Amino acid sequence: MADEKKSDAEEKEPVEGEAAEGEEAPKKKKPPIIVFIAVGVLVALILAGGISYFVATKLMKSSAAEDNSGPRYHDPGVFVKLGDPKEGLLVNVGGVKANHFLKIGLVLEMNPAKKANINKEGKLDPIAETKMLDTVLQILRSEPLDGYDANKQEQLKEKIKVEVNRELSEGSVYNVYITSFVLQ
């Protein structure tokens, strides 16, 4: 009989996770609040990264659409120095009676794919060179004296590039570089 009582007692002992008769079920442990905070921070970081990526790609697309100056990357150009190889160009600026002279070294980066301007040896065609010199000299002569201010040199280079491209053909000149500049 004693053995039977023990077996009844053993049967009545609750197994882990089960409640004995008349007792409440054990409460499940709640995850600590730190887990909720960590998950919240992780979700916020993912959202912030996604929003940043979206904004950055939209800005890059809009800035690329605004840039109408042609392709940003191009084949290496052929560099051509205008005028005397050592001295560059010497131009009377500001009108005939102004007595101002500009000594400027200009190098144009030409598109090698334009076969009408660049010959097989990679040298500038004489006809293209004559047209370029004429166009550049007209621009330099017609520019007012305040147009030669150091702050306006980028505008001058852009003007030369646009006009030479108009004279030869669009896309003939990639860039214009000023290698020396003396206004007297």
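The number of residues in the stretch 101-112 that are touching a residue at least 40 places away in the same chain (Cβ under 8 Å) and out of contact with any helix residue (DSSP H, G or I) (no Cβ under 8 Å at 6 or more places or on another chain) comes to 7.
If you go through the stretch 113-135 and keep only what is in contact with a helix residue (DSSP H, G or I) (Cβ under 6 Å, 6 or more places away or on another chain) and under 18 Å from I178 (Cβ atoms), you end up with M132, T135. Restricted to the stretch 154-182, and to residues there that are loosely packed, with under 14 Cβ neighbours inside 10 Å and of a type in the set (V, I, T), the residue that is nearest to E109 (Cα to Cα) is T179. I'm told L145 meets every condition in (1) under 27 Å from K97 (Cα atoms); (2) modelled with pLDDT of 85 or more; (3) among the aliphatic types (A, V, I, L, M) except one. Can you identify the failing condition by its number? Of the numbered conditions (1) under 27 Å from K97 (Cα atoms); (2) modelled with pLDDT of 85 or more; (3) among the aliphatic types (A, V, I, L, M), the odd one out for L145 is (2). Across the stretch 163-182, the qualifying residues are those that are of a type in the set (A, V, I, L, M) and not in a strand (DSSP E or B), and the one among them that is nearest to the chain's Cα centre (by Cα) is V164. Taken over the stretch 92-108, the criterion of being outside any loop (DSSP other than H, G, I, E, B) and either surrounded by fewer than 12 Cβ atoms within 10 Å (Cβ to Cβ) or under 36 Å from the mean Cα position of the chain (by Cα) (or both) is satisfied by L102, K103, I104, G105, L106, V107, L108.
The values are calculated or read from the model by the stated rules, or taken from the named source; none is laboratory data. Predicted model, so just to flag it, every value in this text is computed and none were measured. Because the Cβ atoms are built from the backbone with ideal geometry, glycine has one as well, and the counts that use them run over all protein chains shown.
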